[in-house]
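Student: Have a look at the structure that comes next, please.
Each value in this text was obtained by applying a stated rule to the coordinates, not by laboratory testing. A quick note: this is a predicted structure, and the numbers were derived from the prediction, not measured. In this analysis, Cβ positions are derived from the backbone assuming ideal geometry, glycine residues included, and neighbour counts consider all displayed protein chains.
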Amino acid sequence: MKDIEPKVLSKEELRRISQGINGEEILEFQKHSLNNFVEPLTPIEAKEPGSPWVKVQDEEGNMKDILDCTSMNWALALGFAHPDVNYAAMEQMKRLTHVRYNCLTPARAKLANKLAEIAPGKLKGGKVAFNNEGGGLANEAAMKLAMIASRGSDHFGTFWHGYHGSSLVTATLSQPIHAVTRFDSFAAGHFTRMPQPYCYRCMWNYKNGSDGKKDPECNLECFTVVEKYIKGMAPRQMAGVILEPIQGAGGHIPFPPEFLKELKQICKEEKIFLIYDECQTCMWRTGKYFTVTERYKEELGLDVSPDMMTFTKAIGGGLPLGVLIASPKVRKTFTPTEEHTTFSSDPVALATGLAAIKVIEKEKIGENCEKRGKFITKRLKEMQEDYEVMGDIRGPGLFIGIEMVKDRETREPFTELVEEMIQLAPDYNLYLGESMPILSAKGELLMRNLVKIKPPLVITEEDAEFIVENFEKVLKKALNKVKE
Ligand SMILES: Cc1ncc(COP(=O)(O)O)c(C=O)c1O
C-alpha cells in the first residue's frame with residue numbers, strides 16, 4: 001500500500017488545517033461555539049512525538065510548553081502524538097477509515113481477542129462490545145446487557161460521587177452535578193443512589209482511613225446500608241450495581257477492597273450484575289496492572305472481579321473508543337441493532353487501541369507508571385509535613401489525588417484553594433486537574449477540593465521532579481492568593 005498523497009488539495013493547504021491558528025480565527029470561533037468552555041490556551045502540537053509535554057498558544061500567539069497532568073481527560077497514556085500509535089493509525093487509514101458497524105475488520109477482531117486475554121479475573125476470555133464514543137455509551141451497553149440477561153429488570157444501584165458519563169441516561173446514573181449540568185433527573189426512576197465508602201470522610205466517624213485504606217477499627221458499617229438497599233429497600237429489584245472501584249471525577253475516592261468483596265458476594269446471592277466502570281483506571285493508569293481490579297488480585301490475593309467492566313480514556317491510544325467486556329458466564333449477546341452507532345466499528349481507533357496496548361506491554365510502561373507514581377506520592381507526603389492544607393494523598397500509580405482542607409482536624413474542604421491552583425498551574429508550565437463540584441441548595445460550591453496529578457504514564461524521572469517542584473510553587477502562590 002502506497003504512502004498517502006493528496007489528490008485535490010495541496011499538502012500546505014491540508015497541513016494548515018491543524019498547524020496553527022490566529023487570534024481572529026479564535027474570536028470568530030467563540031462567536032460560533034455552542035459550548036462555553038474554551039480555555040485560554042490552545043494546544044497545538046506535541047513537544048516531541050510521544051511526549052507528556054504539549055506546546056500551547058495563547059490568544060496573542062505566544063507559545064509555551066506545558067507538562068499535562070490531566071493527560072487530556074486522562075486519555076493520553078502514551079503522551080501526545082505517540083509515533084507507534086500514529087503509525088498504526090496511518091497504516092489503517094491508508095486502507096480503510098470507516099466501515100459499517102456490523103463489519104468485522106482485522107483490528108476489531110485483534111483488539112477484542114487481546115482484551116479478552118488481558119481482562120482481569122472472571123472477565124478473562126469474556127465477550128467484548130466496542131463503541132466510538134467512550135465511557136458513557138459503554139456503561140449504557142453494560143446496562144442494556146444486564147437488562148437483557150436479567151429478564152426485564154431495569155433498575156440500577158449506583159453510588160454517591162460516581163461519574164459514568166454525560167449522556168441523558170449516564171448523567172443521571174452519575175452524581176448530580178447541578179453546578180455544571182441541567183440534566184440530572186432524566187430517567188431518575190431507574191436508579192437508586194447509595195452512599196459510598198469514603199474512608200477519609202467516614203460517616204461513622206472512623207478517623208484513620210487514608211489513601212483508600214479503611215480505618216483498622218472499621219466494621220464496614222457503610223456496607224450494611226448498601227446491603228439494605230440491595231436487599232429490598234430500593235424501589236425496584238436491581239438488574240445491576242455500577243461503580244468505579246476508585247471514583248475519579250467525584251473526588252478520587254477508592255472503594256476499600258474489603259467492601260468490594262462483600263458487594264460481590266451479595267450481588268452473587270441476589271443475582272444482580274456487578275459492573276465496574278474502569279474507564280479511568282484501565283490501561284495501566286494505576287501502575288503495574290491493566291486494571292485496578294487486577295492489582296487487588298495480585299497484591300492482596302482478593303478476586304473482586306465483576307460480571308462486566310467498561311473502559312474508555314486511554315483504551316483507544318488517544319482516539320475515541322469505549323469498551324464493554326462481559327464475563328463468559330453472561331450467556332446473552334446483543335442483536336446487531338441493540339448496540340451500535342454509525343461509527344462504532346471505527347477501524348482507526350481500534351488499530352490505535354491495540355498499538356497502544358502493545359507499546360505499553362513491550363516497553364513495560366506500567367512499571368514506569370508504578371515507579372514514577374511512588375516517587376511523586378512519596379514527595380507529596382513529605383511536602384504534607386509543611387502544608388497543613390494537604391489533607392489526604394491518594395494513589396496508586398499515576399492516578400494521584402490530593403484532597404485539600406482548611407484544617408486537618410476538621411477536614412473542611414478547601415475548594416477556593418483548588419480553584420486558584422487550577423488557574424495558576426499553566427503559569428508554572430503545568431496542567432492540573434480538579435474534582436467535580438457539588439452545588440448545595442444555598443448555591444455554594446462544595447467539595448471541589450481535590451487536585452489531580454495524572455500525567456501520561458511515560459513521564460521521566462526529570463518530569464516527575466518537575467511536577468513535584470512546580471506543584472509546590474503553585475500551591476504556595478495559591479495560598480497567598482486566597483489569603484489576599
Ligand atoms: C469513570 C468514568 N466513566 C465514564 C466516563 C464517561 O466517558 P465519556 O465521557 O467518554 O462518555 C468518564 C468520563 O470522564 C469517567 O471518568
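Student: If packing is taken as the average count of other Cβ atoms within 10 Å, what order do 456-468, 8-20, 119-131, 203-215 fall into, highest mean first?
Tutor: Details: 456-468: 19.7, 8-20: 10.1, 119-131: 21.5, 203-215: 15.4.
Highest-to-lowest ranking by the protection proxy: 119-131, 456-468, 203-215, 8-20.
Student: Hey, got the dipole for the chain? About the Cα centre, +1 on K and R Cβ, -1 on D and E Cβ, debye to the nearest 20? Present the calculation step by step, with values, prior to reporting the outcome.
Tutor: Details: 63 positive and 68 negative charges, 392 e Å.
With only Lys, Arg, Asp and Glu charged at Cβ, the dipole is about 1880 debye.
Student: Then there is this: Cut-off is 10 Å between beta-carbons; in what order do CYS199, CYS103 appear when sorted fewest neighbours first?
Tutor: Fewest to most other Cβ atoms nearby, the residues stand as CYS103, CYS199.
Student: Now for a different question. Within the P(r) computed for the chain, what percentage of the Cα pairs occupies the region above 31 Å?
Tutor: Cα-Cα pairs of the chain separated by over 31 Å account for 44 percent.
Student: Can you give the relative contact order of the chain as a percent, counting alpha carbon pairs under 8 Å and 6+ residues apart?
Tutor: Relative contact order here is 20 percent.
Student: Right, here's the next one. Below 12 angstrom from the Cβ of GLN92, what's the summed charge of the other residues (Lys, Arg +1; Asp, Glu -1)?
Tutor: Combined, the nearby Lys, Arg, Asp and Glu give +2.
Student: Would you please give the FRET efficiency between ILE17 and THR337, computed as 1/(1 + (r/R0)^6) with r the Cβ-Cβ distance and R0 = 35 Å, to the nearest 0.05?
Tutor: Efficiency computed from Cβ-Cβ geometry: 0.50.
Student: So which DSSP H runs in the chain come out at 15 Å plus along the axis (Cα) with average Kyte-Doolittle of at least -1.0?
Tutor: What comes out of the filter, once short or polar helices are dropped, is 106-118, 135-149, 257-270, 347-362, 461-483.
Student: Per-residue ellipticity at 222 nm for the chain, helices alone: DSSP H runs ≥ 4 residues times -39500 (n - 2.57), over residue total, nearest 500 deg cm²/dmol?
Tutor: It lands at -11000 deg cm²/dmol.
Student: Find, among the trypsin sites (Lys or Arg not before Pro) in the range 423-475, those assigned to loop by DSSP (not H, G, I, E, B) with at most 12 other beta-carbon atoms within 10 angstrom.
Tutor: Answer in residue order: LYS442.
Student: Classify the range 253-327 from the C-alpha gyration tensor, please: rounded if a/c falls under 1.5, else prolate or oblate depending on whether a/b exceeds b/c.
Tutor: Verdict is oblate for the range 253-327.
Student: Please go through the range 39-146 and write out the GluC sites (Glu not before Pro) that DSSP classes as loop and that have at most 15 other C-beta atoms within 10 Å.
Tutor: Passing sites in the range 39-146 are GLU59, GLU60.
Student: For PRO320, what is the net charge nearby, where nearby means another residue's Cβ is under 15 Å from its Cβ and Lys, Arg count +1, Asp, Glu -1? Provide the component values of the computation, followed by the final result.
Tutor: Values: positive: ARG108, LYS313; negative: GLU133, ASP346.
Neighbourhood net charge equals 0.
Student: Follow-up. Taking neighbour counts of Cβ atoms within 10 Å as a proxy for exposure, in what order, fewest first, do THR410, THR170 appear?
Tutor: Numbers: THR410 8, THR170 24.
Going from sparsest to densest Cβ surroundings: THR410, THR170.
Student: Taking the Cα centre of each part, how many Å lie between the range 416-447 and the range 193-242?
Tutor: One Cα centre to the other: 27 Å.
Student: A further question on this structure: Would you mind calculating the gained length between GLU59 and VAL38 on full extension (0.36 nm times residue separation, minus the Cα-Cα distance), in nm to one decimal? Numbers along the way, then the final one.
Tutor: Working: separation 21, 0.36 × 21 = 7.56 nm, distance 1.14 nm.
Length difference between fully extended and current span is 6.4 nm.
Student: Label GLU367 and ARG408 with points 7 Å out from Cα along Cα→Cβ: what is the distance between them in nm?
Tutor: 3.6 nm
Student: How would you classify the range 273-383 from its alpha-carbon gyration tensor, with a ≥ b ≥ c the square roots of the eigenvalues: rounded for a/c under 1.5, else prolate if a/b is greater than b/c, otherwise oblate?
Tutor: Numbers: a/c = 2.51, a/b = 1.51, b/c = 1.67.
Because a/c hits 1.5 or more and a/b fails to exceed b/c, the range 273-383 counts as oblate.
Student: Does anything in the range 226-245 have its amide N under 12 Å from the 7 Å Cα→Cβ label point of SER166, and if so which residues?
Tutor: Label zone hits: none.
Student: Shape verdict for the range 381-445, please, from the Cα gyration tensor: rounded (a/c under 1.5), prolate (a/b greater than b/c) or oblate.
Tutor: Oblate is the answer for the range 381-445, as a/c is 1.5 or above yet b/c matches or exceeds a/b.
Student: Under the definition of Cα pairs under 8 Å and six or more residues apart, what whole-number percent is the relative contact order of the range 194-235?
Tutor: Values: 36 pairs, mean separation 14.6, N = 42.
It comes to 35 percent, rounded to a whole number.
Student: Quick one: check the C-alpha center-to-center distance for the range 29-105 versus the range 138-184, whole angstrom.
Tutor: 28 Å
Student: Sticking with this one: How much length is gained if the chain between ASP303 and LYS228 is pulled fully straight, taking 0.36 nm per residue apart and subtracting their Cα-Cα distance, in nm to one decimal? Before the final figure, lay out the partial values.
Tutor: Numbers: separation 75, 0.36 × 75 = 27.00 nm, distance 2.35 nm.
Here the segment from ASP303 to LYS228 would lengthen by 24.6 nm.
Student: Identify the trypsin sites (Lys or Arg not before Pro) of the range 129-185 meeting these criteria: DSSP loop state and at most 10 other C-beta atoms within 10 Å of the C-beta.
Tutor: ARG151, ARG182
Student: Could you work out how much longer the chain between ARG100 and ILE26 gets when fully extended? Use 0.36 nm per residue separation minus the Cα distance between them, nm to one decimal.
Tutor: Gain in length upon complete extension: 23.1 nm.
Student: Along the positive direction of the dipole of the chain (beta-carbon charges: Lys, Arg +1; Asp, Glu -1; about the Cα centre), which of ILE118, VAL474, LEU78 reaches farthest?
Tutor: Final value for the positive-end residue is ILE118.
Student: For the ranges 303-315, 24-36, what's the packing order if you count other beta-carbon atoms within 10 Å of each residue, average per peptide, and put the highest first?
Tutor: On the way: 303-315: 26.8, 24-36: 8.8.
Descending mean neighbour count gives 303-315, 24-36.
Student: Counting pairs of alpha carbon atoms under 8 Å apart in space and at least six apart in sequence, what relative contact order in percent does the range 87-362 give? Write out the running numbers ahead of the final one.
Tutor: Numbers: 551 pairs, mean separation 85.9, N = 276.
Here the relative contact order equals 31 percent.
Student: When PHE186, PHE223 are ordered from fewest to most other Cβ atoms inside 10 Å of their Cβ, what list results?
Tutor: Details: PHE186 13, PHE223 20.
Ordered from fewest to most neighbouring Cβ atoms within 10 Å, PHE186, PHE223 come out as PHE186, PHE223.
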